[in-house]
């Protein structure tokens, strides 16, 4: 058994850290004397080794609590550490992407924010037969649903896939319908896939060329056009992926082409102008 000072020396954890871990109930001493002295056991030593290792990998206190409830020894950590490794890799990718974006503004002449220009057209969109999957979730969930949908249509698609967005704004849990137009009815084995006919609609249209993270500029152009022409934009909107990443290789994002369609209604003021003309 070890007093707190001795335990601090053999674990490399400060007395302050040991008291904090006791308060957080992740390293509670095996014995607490009447005078509040903490006495640690060999089992506590093994747990302290695990905590020190996890902290070196920047596990949070809440993460450590969960790990300790799942793992009885350091040998049990394999799967947890593999999962943490994948998260770190994803964070590195995100940070690298952020560095690349930042570098665009570090060179002379590149200090202004990008201001892409868009051609806005009014488009009569024909009715279309589709196979679709509607779900509520994160935008990155789309990748697995795309694969599922193309496997279901088995080469009977009549064009690129597109998304229907039922929310007006960006949300943490988006209401999305992934669609692909089809030439004929298909046999559906997956209960999450439906077939239906989307009605014709009149919409504002523009094509965005470039990475998906810059789609917001295309939406701004559509919103500005609608405001200028007294149009009321409606939901749901569509994004048609005319040219995008492949199933296996992402390709060059600068070559992506995405058409955005937003249905609209004519405002009362414009209706009056049409009658007067």
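Condition check ((1) surrounded by 15 or more Cβ atoms within 10 Å (Cβ to Cβ); (2) under 29 Å from the mean Cα position of the chain (by Cα)) across all residues:
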residue	(1), (2)
182	yes, yes
186	yes, no
192	no, yes
198	yes, yes
212	yes, yes
239	yes, yes
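All conditions in (1) more than 22 Å from residue 233 (Cβ to Cβ); (2) exposed (fewer than 14 other Cβ atoms within 10 Å of the Cβ); (3) touching a residue at least 40 places away in the same chain (Cβ under 8 Å) hold for residue 152, with the sole exception of (2). It is to be established whether one or more residues within segment 43-51 are touching a residue at least 40 places away in the same chain (Cβ under 8 Å), surrounded by 10 or more Cβ atoms within 10 Å (Cβ to Cβ) and within 30 Å of the chain's Cα centre (by Cα). No: zero hits. Of the residues making up segment 200-214, those that are in contact with a helix residue (DSSP H, G or I) (Cβ under 7 Å, 6 or more places away or on another chain) and modelled with pLDDT of 95 or more are 204, 206, 208.
The condition (being modelled with pLDDT of 85 or more and either farther than 22 Å from residue 143 by Cα or surrounded by 14 or more Cβ atoms within 10 Å (Cβ to Cβ) (or both)) is satisfied by just one residue among 220, 275, 271: 220.
Of the residues 106, 81, 102, 54, the single one that is in contact with a helix residue (DSSP H, G or I) (Cβ under 7 Å, 6 or more places away or on another chain), modelled with pLDDT under 90 and either part of a helix (DSSP H, G or I) or not assigned by TED's automatic domain parsing to the domain that holds residue 20 (or both) is 54.
In this structure, residue 21 does not qualify as touching a strand residue (DSSP E or B) at 6+ places or on another chain (Cβ under 6 Å), at negative phi and surrounded by 12 or more Cβ atoms within 10 Å (Cβ to Cβ).
Of the residues in segment 226-236, at least one is surrounded by 15 or more Cβ atoms within 10 Å (Cβ to Cβ), modelled with pLDDT of 95 or more and assigned to a helix (DSSP H, G or I).
For the condition part of a loop (DSSP other than H, G, I, E, B) and not assigned by TED's automatic domain parsing to the domain that holds residue 223, residue 97 does not qualify. Only one of the numbered conditions (1) touching a residue at least 40 places away in the same chain (Cβ under 8 Å); (2) in contact with a strand residue (DSSP E or B) (Cβ under 7 Å, 6 or more places away or on another chain); (3) not in a loop (DSSP other than H, G, I, E, B) is violated by residue 158, and that is (1).
In summary, residue 59 fulfils each of the numbered conditions (1) in a loop (DSSP other than H, G, I, E, B); (2) touching a residue at least 24 places away in the same chain (Cβ under 8 Å); (3) under 30 Å from residue 211 (Cβ atoms) with the single exception of condition (3).
Could you tell me whether any residue of segment 133-147 is touching a helix residue (DSSP H, G or I) at 6+ places or on another chain (Cβ under 6 Å) and assigned by TED's automatic domain parsing to the domain that holds residue 200? Yes - at least one qualifying residue is present in segment 133-147. When segment 24-41 is limited to residues that are touching a strand residue (DSSP E or B) at 6+ places or on another chain (Cβ under 9 Å) and surrounded by fewer than 13 Cβ atoms within 10 Å (Cβ to Cβ), the one that is farthest from residue 62 (Cα to Cα) turns out to be 33.
The values are calculated or read from the model by the stated rules, or taken from the named source; none is laboratory data. On a predicted model such as this, the values are computed, not experimentally measured, just so you know. Heads up, the Cβs are rebuilt from the backbone with ideal geometry, glycines too, and the neighbour counts pull from every protein chain shown.
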